[in-house]
Amino acid sequence: MYVEKIPPHDEEAEEAVLGALIIDGEVIVKVAPIVKAADFYRERNRATYEACLAIFARGEGIDQVSVSHELGSQGRLEEFGGAAFLSHLVAVVPTTVHAEHYATIVLRAATMRSLISAGTEIVSLGYDQDGDIMGVFRQAEDVLFQVRGRQAIKDYVPLRDVLDQFLEESASIQAPAPGSGPVATGFPDLDRLLGGLQRPGLIVLAARPSLGKSTLALNIGRHAAGLGHQVGIASLEMGRMELVHRLLSAEAEVDGMRLRLSLITDSEQTRIVDAVGALSELPIYIDDTPGQPISEIRGRARRLQMERGLDLLIVDYIQLIHGTRRHDNRVMEMSEISGGLKELSQELNIPLIAISQLSRAVEQRPTHRPQLADLRDSGTIEQDADVVAFIYRDEMYYDEETWQRIHPTTPYPKNVAEVIVAKHRNGPIGGTNLYFRAGFARFESMVAPVQFE
């Protein structure tokens, strides 16, 4: 007689995670990077965890009352057993100490269920006799890779660890924490205009593709770390090794393409080794998890600040972040995301640089200088930001011959980038020119640096 097997799950572990969250809402910072709502087998447990995430995303405290109200507002509290269900969750876990262990158990069971589903899908591929055999192999590998990917839980890692990986593939001493004042960008004219990056503050750095917004943010982060500030980089677009290549290229003044292809001279190799040594001493932490929801970015940043300290967070970039809740349109989702970044900056009392794309409207105007209305997807980015800065380069739109015809008395602005501060909530707007060395992934200024106490 055939007996249907119940998919792997551990209801006690699921309830223990939820109970720990209700007892101490701060536990969400520890379990959110490990387990997702979809990892819970029981629907009521999954919905309760989603309620906790939603409460956390709003910056409210997680407890029995708030979770009860959240489920009640969805009309699901009574469906799950009412207040008695939440009381049961609190009763099943005596302490929150082992919350991460319980979350790991939940993840393991979810992974085993995913493995069963993957096996079924691979069996289906095996019956497809018309498919190309190598193509079938690739599909089967992709299915297994997706399952395995969940086991590699990502979080912020020290730059030192990524640099060690770089050295291995191609052949943390931390500075004292500075005070609570502004964070200098390292570009004197910009520091004078902004008074440094203020705490708290949401700084949106926006530009069209390939104008150097990620490079400028990395340069600022590198300078801040050199002054002893703890810097976090949440990169949703570039992987950690690509970030390291850019940092090394800028530090060693070695062309980035030649560095990636290992086409370097002996003298450049010496400079790279020196650069690895210098960068390894910096308190920079990288999280290159793609497609993160705002709740995960917030949870990991809070965890980084608690465990190591955090003075500056760089998020690259806004449009790749997902909302925590379901929304009817992207504009509403972006409103949640920009508001969440603003709240994170205030909660941690840090400047937060959020990189943003610009809409194609820039390309369609006779003058291509960006405007606040060009911020992509949502006006709430402009509303929530304390500072909005654009990067603009004339040479991206005019060749030298055209420029000479239009501006016969003005030298062609080769490698000149203008940083335009279009919004400054607590100060003046304006701009400054920087020299952009694209091959070395760095911006440079020729005026004396500004010192902040």
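The values are calculated or read from the model by the stated rules, or taken from the named source; none is laboratory data. Just so you know, these numbers come straight off a predicted model, no measurement behind them. All Cβ positions, glycine included, derive from the backbone under ideal geometry; neighbour counts span all protein chains shown.
Just a few scattered comments:
- Of all the numbered requirements in (1) closer than 27 Å to Asn415 by Cβ; (2) of a type in the set (Asp, Glu); (3) touching a strand residue (DSSP E or B) at 6+ places or on another chain (Cβ under 8 Å), Asp311 misses one, and that requirement is (1).
- Hits in region 336-361 - residues which are surrounded by fewer than 20 Cβ atoms within 10 Å (Cβ to Cβ) and assigned to a helix (DSSP H, G or I): Gly339, Glu343, Gln346, Glu347, Ala361
- Leu320 meets the conditions (1) modelled with pLDDT of 85 or more; (2) in contact with a helix residue (DSSP H, G or I) (Cβ under 7 Å, 6 or more places away or on another chain) in every case but one. The failed one is (2).
- Residue in region 310-319 that is within 24 Å of Leu205 (Cα to Cα), among the hydroxyl-bearing types (Ser, Thr, Tyr) and not in a strand (DSSP E or B) present: yes
- If the condition is being over 24 Å from Arg199 (Cβ atoms), aliphatic (A, V, I, L, M) and touching a Ser or Thr at 6+ places or on another chain (Cβ under 8 Å), then region 209-242 contributes only Met238.
- Looking across region 5-35 at every residue that is part of a helix (DSSP H, G or I) and in contact with a Ser or Thr (Cβ under 7 Å, 6 or more places away or on another chain), the one that is surrounded by the fewest Cβ atoms within 10 Å (Cβ to Cβ) is identified as Ile23.
- Residues located in region 36-61, provided they are outside any helix (DSSP H, G or I) and buried (at least 23 other Cβ atoms within 10 Å of the Cβ): Phe40
- Criterion applied to Glu347, Glu401, Glu333, Glu363 was being in contact with a helix residue (DSSP H, G or I) (Cβ under 9 Å, 6 or more places away or on another chain) and in the same structural domain as Leu312 (by TED's automatic domain parsing), and the one residue passing it is Glu347.
- Test: residue in region 233-240 that is farther than 28 Å from Arg369 by Cα, at pLDDT below 90 and in contact with a strand residue (DSSP E or B) (Cβ under 8 Å, 6 or more places away or on another chain): yes
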